[in-house]
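*Asks:* Got a structure for you, questions after.
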Amino acid sequence: MRRYLRLLAKSNGMRFQVDQFPSNASQLAIFSAIALQIEIEEKQALLEQASVAELLTLEDDILADEIKILFVMSNVIQPPQDDFIFSRN
């Protein structure tokens, strides 16, 4: 989850900093479901899992895919270095 949040911040030209990260499995599972950049229906489906272990397993699969996407995005797409969104040409 930390790697995912760092890559998500980097892809938006920001830095990720968390002083207190969830320390137990159930808190981490809920935090991850909330933090994932997925459709609300997908989040709801995650939170409906019968156990924390099932929830974490599903989140792990989603995070693996999301991290691959964000890694590519953060290394290919760079935010503008100035206030101009469009080309000056």
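Since every read-out is calculated from the coordinates, none of them should be taken as a lab result. The shown structure was predicted, so the numbers you read here are calculated from the model rather than taken from an experiment. Glycine also receives a Cβ, built like all others from the backbone with ideal geometry; neighbour counts cover every protein chain displayed.
*Asks:* Please give the calculated 222 nm ellipticity per residue for the chain, where each DSSP H segment of at least 4 residues contributes -39500 (n - 2.57) and the sum is spread over every residue; nearest 500 deg cm²/dmol?
*Replies:* On the way: 4 runs with 54 residues, N = 89.
Rounded to the nearest 500, the figure is -19500 deg cm²/dmol.
*Asks:* For a quick protection proxy, order the peptides 1-9, 49-57 by their average other-Cβ count within 10 Å, most packed first. List each step's numbers first, then the result.
*Replies:* Details: 1-9: 16.9, 49-57: 13.8.
Output ranking for 1-9, 49-57: 1-9, 49-57.
*Asks:* If packing is taken as the average number of other Cβ atoms within 10 Å across a peptide's residues, how do 25-33, 62-70 rank, most packed first? Mind showing how you got there, number by number?
*Replies:* Values: 25-33: 16.8, 62-70: 14.8.
Peptide ranking by packing, descending: 25-33, 62-70.
*Asks:* Next up: With all distinct Cα pairs included, what does the Kirkwood hydrodynamic radius of region 7-79 come out to in Å, to one decimal, could you say?
*Replies:* Numbers: mean 1/r = 0.0750 Å⁻¹.
For region 7-79, the Kirkwood estimate is 13.3 Å.
*Asks:* So what is the relative contact order of the chain, in percent, for Cα pairs below 8 Å that sit 6 or more residues apart? Please report the intermediate quantities before stating the final value.
*Replies:* Details: 51 pairs, mean separation 35.3, N = 89.
This gives 40 percent for the chain.
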